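Throughout, read-outs are computed from the coordinates displayed, never taken from laboratory work. Remember, it's a predicted structure, so these values are computed and weren't measured experimentally. Glycine also receives a Cβ, built like all others from the backbone with ideal geometry; neighbour counts cover every protein chain displayed.
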Amino acid sequence: MLRTLKRNQKQAPTEVSKEPLLKLRDIHKTYIMGDQEVRALDGLDLDVYPGEFVAIMGPSGSGKSTLMHIIGCLDVPTEGSYYLDGVEVAEMDDYELARIRNQKIGFIFQGFNLLARTTALENVELPLLYGKKKDRTDRAIDALERVGLGDRLDHRPNELSGGQQQRVAIARAIASDPALLLADEPTGNLASQQSEEIMQIFQELNDEGRTVVMVTHEPDIGQHCKRIVHIRDGRVVDDEQVQERLIASEVLAQLKAEREQQQASRSPVPVS
Ligand code: ADP
Ligand code: MG
């Protein structure tokens with residue numbers, strides 16, 4: 001008994017001593033607006049390890065989107081250092097940054113960002129820069145099937161529901177098989193059933209080993225993640241592991257059972 005305990009104790013540190021996938025130190029992002037300085041990020045530190053599922057929460061204007069843009073290499077900090085998979089992002093040139101974005105990061109933007117007059121398949125296929133056309137198409141189809149849209153390949157965004165559009169955006173982000181998924185308020189514009197379906201996809205992607213960082217202002221969405229990082233005024237003010245995590249597939253099963261029960265109680269009693 002003692003021996004197993006000891007061995008377990010020895011194993012635990014190897015688990016946590018993995019290198020962080022994201023390591024941000026004293027990150028500042030300052031915008032100059034006329035003669036005013038806006039400190040969107042103001043000395044932010046954050047480590048995220050491979051396989052984590054992190055919710056970033058905080059009031060509007062606290063710097064969440066700015067942080068996501070920096071993590072996603074869409075923007076650079078004014079000051080501070082950011083190591084992505086052990087490499088200092090500030091030292092990369094534009095070519096390297098674009099390459100790393102393509103290989104390692106899938107970004108799901110607030111409000112989907114889909115091309116309007118373009119089919120679901122093309123929306124997912126277009127950003128795939130490398131490989132033969134047929135391989136890219138196959139990948140895009142796989143990704144759309146993965147999010148349950150195998151039967152909507154030729155639909156344009158206005159022919160899809162909000163939840164389906166968000167799933168196209170997720171398919172686009174996962175088609176290149178990135179290790180890191182970033183999502184800025186992915187359930188922000190969706191009804192609760194659709195939000196739950198989106199969270200189910202993220203939980204599955206995380207279970208498969210992808211690291212997920214998502215911004216949300218909804219506490220029950222945060223409760224689906226494994227860790228919640230609270231930010232305020234451009235800094236981390238609290239960092240907690242989620243207790244009693246919500247599992248989307250269970251919540252959905254429960255919603256379905258409740259619906260069926262309601263239907264059963266509404267339908268007339270059969271006359272024998
Ligand atoms: P959140 O996503 O938490 O609502 P943001 O990161 O979008 O917050 O913004 C943080 C602060 O930085 C806000 O005060 C916002 O007005 C400001 N800000 C964000 N982007 C810009 C920009 N491009 N130029 C000037 N100010 C900006
Ligand atoms: Mg935002």
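Tell me which residues come under 5 Å, amide H to amide H, from residue 80 once H is placed; ignore anything under 5 positions away on its chain.
28
Just how many pairs of Lys in region 21-249 have C-alpha atoms closer than 29 Å, counting pairs that are eight or more places apart or on different chains?
Total qualifying Lys-Lys pairs in region 21-249 comes to 12.
Can you give me the relative contact order of the chain as a percent, contacts being Cα pairs under 8 Å and 6 or more apart?
Relative contact order of the chain: 23 percent.
State the dimensionless ratio Rg/Rh of region 21-249 (Rg: radius of gyration of Cα atoms; Rh: Kirkwood radius).
Result for region 21-249 is an Rg/Rh of 0.96.
Which lysines does residue 256 reach when only Cα atoms under 23 Å apart count, and residues fewer than 8 places away in its own chain are ignored?
none
Which peptide among 71-83, 191-203 comes first, and what is the full order, when sorted by highest mean count of other Cβ atoms within 10 Å?
191-203, 71-83
Which whole-number percent is the relative contact order of region 93-228 (Cα, under 8 Å, 6+ apart)?
Result for region 93-228 is 30 percent.
Using only alpha-carbon positions, what ratio does the radius of gyration of region 60-195 give when scaled by 2.2 N^0.38 Å?
1.10
Please rank 137, 66, fewest neighbouring Cβ atoms within 10 Å first, as an exposure proxy.
Taking fewest neighbouring Cβ atoms as first place, the list is 137, 66.
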